[in-house]
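First comes the structure, then the notes that go with it.
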Amino acid sequence: MKRRIYMLVSLITAVTMAVAGCTKNKGYTTVSDTKTELTIAWWGDETRNQYTQELLELYEQLHPDISFTPIPMLKEEYSENLAKATAMGECPDIMQMDASLLSVYEENKTLADLTGFVESKTIYTDSLDPELRNTGIRGGILAGIPVSVSIPALGYDREILKEAGVEIPANGWDWDTFFQACSKVKEQTGRPGLVSDFSDSTMLSCWLQQRNETLFDESGQEVNVTEDTLTAYFQYCSALMESETLVSVWGEDILPVSDQGGYEDAAAGAFSFGTKGIVEQGRTGDIEVTDPPSDGDDNRFIIRPELFLSVSTSLPPEKQTAAAGFINWFINDPNAVRSAGTERGIPAFLAARSLLCEDERMTSGERSLLQFYGTKETGKKEYENIASPHMETVNRAYSHAMRRLFKGEITPQEAAGEFLYQIDR
């Protein structure tokens with residue numbers, strides 16, 4: 001039976017169709033007595049959908065007894081549709097999760113405990129830091145296997161800095177030095193310091209950490225940041241914007257800056273923040289990576305687990321084993337690792353990162369990011385795994401506030417107020 005990717009239909013419809021097309025048994029499906037059918041759900045863009053589908057087809061070729069029904073979704077649809085499908089008893093067999101979803105679905109007893117599969121090495125985790133592996137624990141069970149992480153880092157284009165006469169500080173950047181560097185880049189080259197679509201709040205996270213503040217309390221539920229600290233951050237960003245060293249582009253709407261017109265992408269800037277920005281900037285530039293600017297004494301290296309893979313607890317043991325076997329292959333097989341690259345973030349597994357560092361298809365930004373992570377992994381680090389349901393809201397609120405600030409529609413203080421209102425609803 002030829003399977004299709006259900007690109008823009010609801011998860012409920014996709015799962016229902018998958019079940020309807022298979023032999024019906026309580027709690028699971030098989031396409032025949034000998035072929036095991038697994039449904040797998042994830043969110044992502046066209047790139048992720050394409051290589052994931054190719055990997056599923058490759059796995060089917062290697063394991064003729066396994067058959068997949070893929071259920072890719074848009075990120076904004078995923079949470080709601082997964083909740084509806086689960087409520088209907090149609091939870092996918094394998095699910096992509098983030099930290100907040102992992103907590104929600106363990107709490108409602110949807111996720112299987114993967115501890116036994118790790119202990120039996122059905123899922124091989126010897127190259128995964130035990131502390132990082134433990135970020136998948138919820139309610140006393142290993143509810144998900146970490147697939148990727150993101151880190152606070154500053155990417156820079158060495159050639160642009162050389163052209164501008166900007167030297168890398170021996171003791172790292174502080175925020176004033178960084179501002180001066182951005183201004184000099186603008187003055188000497190006509191380029192901005194940063195080009196951003198404001199969809200990633202890494203820069204804000206770095207700012208808050210160094211001031212011993214967090215957006216939410218330890219429970220991940222209550223807003224914990226002060227308006228004064230947020231206002232100071234937006235004032236800093238506003239000053240960068242006014243000096244035309246922080247500019248924005250998103251979607252198809254490129255915002256013009258003075259008489260020079262718009263900037264096409266992040267590569268036009270000298271710097272980039274965070275995993276996503278560095279990977280994007282590195283597609284066309286020769287990018288290196290260093291620590292982000294810091295004014296404070298908090299020099300912890302904060303690693304945030306991005307994505308997990310989980311298995312439905314409703315599956316019978318043999319199907320859980322089949323699902324675990326695929327997860328093991330997906331995170332450890334060289335073909336799977338190379339296909340995914342850094343698209344899902346920095347691979348959580350050391351072996352995967354080592355493999356990618358040697359892959360000639362990696363951009364300079366990706367390779368520098370992987371190497372930078374390796375230098376930090378053995379130092380003072382902390383895994384941030386706040387089970388907050390608000391991270392999607394945070395990024396939307398941040399994007400909205402920064403875009404309005406950029407267009408001059410609100411003041412820094414108003415940006416702080418709007419941002420707080422959005423994340424505290």
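Bear in mind that the values in this text are calculations on the coordinates, not laboratory data. Remember, predicted model here, so these are calculated numbers, not experimental data. Cβ sites come from the backbone with ideal geometry, for glycine too, and all protein chains shown count toward neighbours.
May I ask what percent, to the nearest 5, of DSSP beta bridges between residues of the chain are antiparallel?
Values: 28 of 45 bridges.
Around 60 percent of the beta bridges assigned by DSSP in the chain are antiparallel ones.
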With Cα atoms, 0 to 90° folded angle of helix 175-189 axis to the chain main axis: 80
Could you run the Karplus curve 6.51 cos²θ - 1.76 cosθ + 1.60 with θ = phi - 60° over the stretch 367-379 and give me ³J(HN,Hα) per residue in whole Hz, x for Gly and Pro? 5, 5, 5, 5, 5, 4, 4, x, 6, 8, 5, 8, x
Highest to lowest packing among 46-59, 280-293, scored as the average C-beta count within 10 Å: 280-293, 46-59
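Could you rank the peptides 269-276, 36-43 by their average count of other C-beta atoms within 10 Å per residue, with the highest value first? Intermediate values should be presented prior to the final figure.
Numbers: 269-276: 26.1, 36-43: 22.5.
Per-residue Cβ counts within 10 Å, averaged per peptide and sorted highest first, yield 269-276, 36-43.
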Once the Cα atoms of helix 227-242 and of the chain are each reduced to a long axis, what angle between those two axes, in degrees from 0 to 90 to the nearest 10, is obtained? 70
Paramagnetic reach from residue 243 (point 7 Å along Cα→Cβ, amide N under 12 Å) across the stretch 170-210: 175-188, 193-194
What are the lysines whose alpha-carbon lies under 22 Å from the alpha-carbon of residue 121, with same-chain residues fewer than 8 places away excluded? 319
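Report, in cubic angstrom per residue, the convex hull volume of the C-alpha atoms of the chain.
141
Which entries in the list 75/184; 75/276; 184/376 go over 27 Å, if you measure between the two C-alpha atoms of each? Present the calculation step by step, with values, prior to reporting the outcome.
Values: 75/184 38 Å; 75/276 16 Å; 184/376 29 Å.
With Cα atoms farther than 27 Å apart: 75/184; 184/376.
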Please build a GNM for the chain, connecting alpha carbons under 10 Å apart, and tell me which residue among 103, 120, 368 fluctuates the most. 120
